[in-house]
Amino acid sequence: MSNNQLYRGSLTTIILRLLEQEGKMYGYEITQKVKELTKGELQITEGALYPALHKLEADGLLDVEVAKVGNRLRKYYKLTESGSKETANKLEEMQEFLRTMQHLVNPKFSLD
């Protein structure tokens, strides 16, 4: 199983966390930040990113700001108040998942 398959289920958490840290970002910026932070291990495709962003927006977790940059419009995504709360929930879920996986794959070196 490739790392991209492992990360796929974490895309929402990754997006929410980045927006929590950065304030607002546009789609390409998100893909590049993930690539940078993972030293190229994870590359989010547009085909995965934009449906996730649109779902988060439809669920009321993201607001969109449109700004003119040069001759084109750029969509910036930022967390709503609900999005901030959901980010905290998703991060806790991820931490619990990682603790559980650590117990399964290497119980001698658990994170607890």
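The values are calculated or read from the model by the stated rules, or taken from the named source; none is laboratory data. All values derive from a computational prediction rather than experimental measurement. FYI the Cβ positions are ideal-geometry reconstructions off the backbone, even for glycines, and counts take in every protein chain you see. What goes into the accessible areas is simple: the full protein's heavy atoms, side chains included, and nothing from ligands, DNA or RNA. Shrake-Rupley method; radii C 1.70, N 1.55, O 1.52, S 1.80 Å.
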Checked against (1) without any contact (Cβ under 8 Å) to a residue 24 or more places away in the chain; (2) more than 15 Å from the chain's Cα centre (by Cα), residue 74 satisfies every condition except (1)
Among the residues of region 67-78, is any within 19 Å of residue 10 (Cα to Cα) and open to solvent by 60 Å² or more (accessible area, probe 1.4 Å)?
yes
So, first residue without any contact (Cβ under 8 Å) to a residue 24 or more places away in the chain in region 56-71, second residue assigned to a loop (DSSP other than H, G, I, E, B), Cβ within less than 8 Å, six or more apart or across chains; the pairs are 60/80; 63/80
Going through region 9-41 in order, the residues found to be under 18 Å from residue 89 (Cα atoms) and modelled with pLDDT under 90 are 9, 10
If we ask which residues in region 79-110 are surrounded by 10 or more Cβ atoms within 10 Å (Cβ to Cβ), of a type in the set (A, V, I, L, M, F, W, C) and either part of a helix (DSSP H, G or I) or at pLDDT below 90 (or both), their number turns out to be 6
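Taking region 39-55, which residues are closer than 19 Å to residue 78 by Cβ and either open to solvent by 40 Å² or more (accessible area, probe 1.4 Å) or free of Cβ contacts under 8 Å to residues at least 12 places away in the same chain (or both)? Lay out the reasoning, then the answer.
Quick first cut of region 39-55, residues closer than 19 Å to residue 78 by Cβ only: 44, 49-55.
Selection gives 50, 51, 54, 55.
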